[in-house]
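Enquirer: Just passing along the structure, written as structure tokens.
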Amino acid sequence: MPTQKILVLAGDCLGPEVMVQARRVLAWLNDTGAASFEIEEGLVGGASYDAHRTPLTNETVDLAMAADAVLFGSIGGPQWEEVDYDLRPEKGLLRLRQGMGLFANLRPAIVFDALAGASSLKTELVKGLDIMIVRELIGGVYFGEPRGIEDMGDEGQRGYNTQAYSTREIVRIAHVAFDLARKRGKRVCSVDKANVMESGVVWREETTLLRDAHYQDVDLNHMFIDNCSMQLVRAPKQFDVILTDNLFGDILSDLAAMLTGSLGMLPSASLGATGDDGRQPALYEPVHGSAPDIAGQNKGNPLAQILSLSMMLRYSFDMAQQADLIENAVEAVLAKNIRTGDIAGDGMTPVSTIEMGDAVLAEMEALAS
Ligand code: NAD
């Protein structure tokens, strides 16, 4: 079994607390021989600022590129609010994404049966939900030039941004969506605004050409962003993989996240381009932030961090069996009504972060024996 090198960047506030629980899962996999991991640690965000006066050092970027994957916690907190804007903890993550060339953001929206009641939608609409949103992460209107704010004298001011996508940018993200669909339900819904935006026309043409040339076994349909937003709350289970650009993906992934009921349950992945050596830069992190309001109190839900690890095993290391083991253990824990405060229903006594880690490990042990 090859040894995989993982760089752990736990970050700030709640980050290191929930990372401890994911590290216990990693250690269990190593100790039982289910996997072979070599772990390195680094600083990012406020922790890096405190040590090096920058939220991300070049050495950390080098470590990230040398690793087979990065397991990231979360960054930020009130103690760094007065720091210069460019040196804020959050800049550390943005720079890391840029430094690693992470252009694809994968955000699964999965509803565990035991938590279906926690969604703001009716249980029957979300029970069994399993969607993957693939968002282009480093192009589009958030980065397009020209951009700026123009002084218009007596008429006030004018803010403007540019939405632009090239064939290369569309094709590389569409490949990710089609490849993922092949491992799932073989359906991709590509979302754009081709009825009013030229960038959408090109997006639609290029995704169709790619599908026809290389993915005839995958169904492709196109949807306008406004319709897709409605469909996601009307009948979310109609989707398998949703492919979309940076702006629409930002909004749709948060919308889909809320279908699942809790921030503390949601993992994500960001992937870069596969190099000539076959290696693909990858970073896995919970969707939630550093939760300073509950940090240090042994209250946070570690499941998003643990599920980020299982995504890493599935997508970076092709370890579907080990990923299934972790996810089945989480499902079993929830089915026993073991819950942290964020997902505890009425009348349930919340468990601590550590107790949740204990419960997941106990289920993994039971399932593996
Ligand atoms: P947040 O996600 O940290 O917290 C929002 C709410 O959800 C809080 O009430 C928090 O207690 C709760 N929550 C979050 N994760 C939880 C968990 N695992 N278990 C239980 N409850 C959980 O968002 P915020 O409060 O807007 O931001 C706090 C800090 O995090 C800010 O500095 C922000 O910039 C940063 N942030 C970082 C990331 C990241 O590292 N990727 C993402 C978002 C926000």
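Computed from the coordinates by the stated procedures, all read-outs in this text should not be read as laboratory data. As the structure is a computational prediction, the values presented were derived from the model and not from experiment. FYI the Cβ positions are ideal-geometry reconstructions off the backbone, even for glycines, and counts take in every protein chain you see.
Enquirer: Can you pick out the pairs among K91/K127; K299/K336; K186/K299; K127/K186; K186/K336; K91/K183 whose Cα atoms lie more than 27 Å from each other?
Expert: Too far apart for the 27 Å limit: K91/K127; K186/K299; K186/K336; K91/K183.
Enquirer: If you don't mind, another one. If you build the convex hull over the alpha carbons only and average its shadow over all orientations, what do you get for region 206-267? Give it in nm² to one decimal.
Expert: 5.1 nm²
Enquirer: Give me the Kirkwood hydrodynamic radius of region 115-196 in Å, from all C-alpha pairs, to one decimal place?
Expert: Values: mean 1/r = 0.0604 Å⁻¹.
It works out to 16.6 Å.
Enquirer: Same structure, new question: Once the cut-off is 24 Å, how many percent of the Cα-Cα pairs in region 112-265 end up in the long-distance tail?
Expert: 40 percent
Enquirer: Let me ask something else about it. Order the peptides 162-171, 73-82, 280-289 from the highest to the lowest mean number of other Cβ atoms within 10 Å of their residues. Can you show the working numbers first?
Expert: Details: 162-171: 16.2, 73-82: 19.3, 280-289: 23.2.
For the peptides 162-171, 73-82, 280-289, the packing ranking is 280-289, 73-82, 162-171.
Enquirer: In region 272-369, which GluC sites (Glu not before Pro) are in a loop and have at most 13 other Cβ atoms within 10 Å, using DSSP for the loop call?
Expert: Sites meeting the loop and neighbour criteria: none at all.
Enquirer: Binning at 20 angstrom from zero up to the longest distance, how are the C-alpha pair distances of the chain distributed in percent?
Expert: For the chain, the pair-distance distribution reads 28, 59, 13, 0.
Enquirer: Note down the net charge around K299, summing +1 for each Lys or Arg and -1 for each Asp or Glu among other residues with Cβ under 10 Å from its Cβ.
Expert: -3
Enquirer: Still on this structure: Computed FRET efficiency, Cβ-Cβ of A273 and D113, R0 30 Å: what is it to the nearest 0.05? Present the calculation step by step, with values, prior to reporting the outcome.
Expert: Details: r = 37 Å, r/R0 = 1.22.
It comes out at approximately 0.25.
Enquirer: Here's another thing I want to ask about it. For the charge dipole of region 112-265, defined by +1 on Lys and Arg C-beta atoms and -1 on Asp and Glu C-beta atoms about the Cα centroid, which residue among V126, L263, L247 has the Cα displaced farthest towards the positive pole?
Expert: V126
Enquirer: Then there's this: Can you give me the C-alpha center-to-center distance between region 198-270 and region 301-369, rounded to a whole angstrom?
Expert: 27 Å
Enquirer: To the nearest 20 Debye, how big is the dipole of region 212-285 about its Cα centre, given +1 on the beta carbon of each Lys and Arg and -1 on that of each Asp and Glu? Working shown, then result.
Expert: Values: 3 positive and 11 negative charges, 69 e Å.
With Lys and Arg at +1 and Asp and Glu at -1, about 340 debye.
Enquirer: If you don't mind, there's one more thing I want to ask. Leaving out same-chain residues fewer than 8 places away, which lysines sit with a Cα under 27 Å from that of K193?
Expert: K237
Enquirer: Which shape class, rounded, prolate or oblate, goes with region 223-369 when its Cα gyration tensor gives a ≥ b ≥ c as root eigenvalues, a/c under 1.5 marks rounded, and past that a/b bigger than b/c marks prolate?
Expert: oblate
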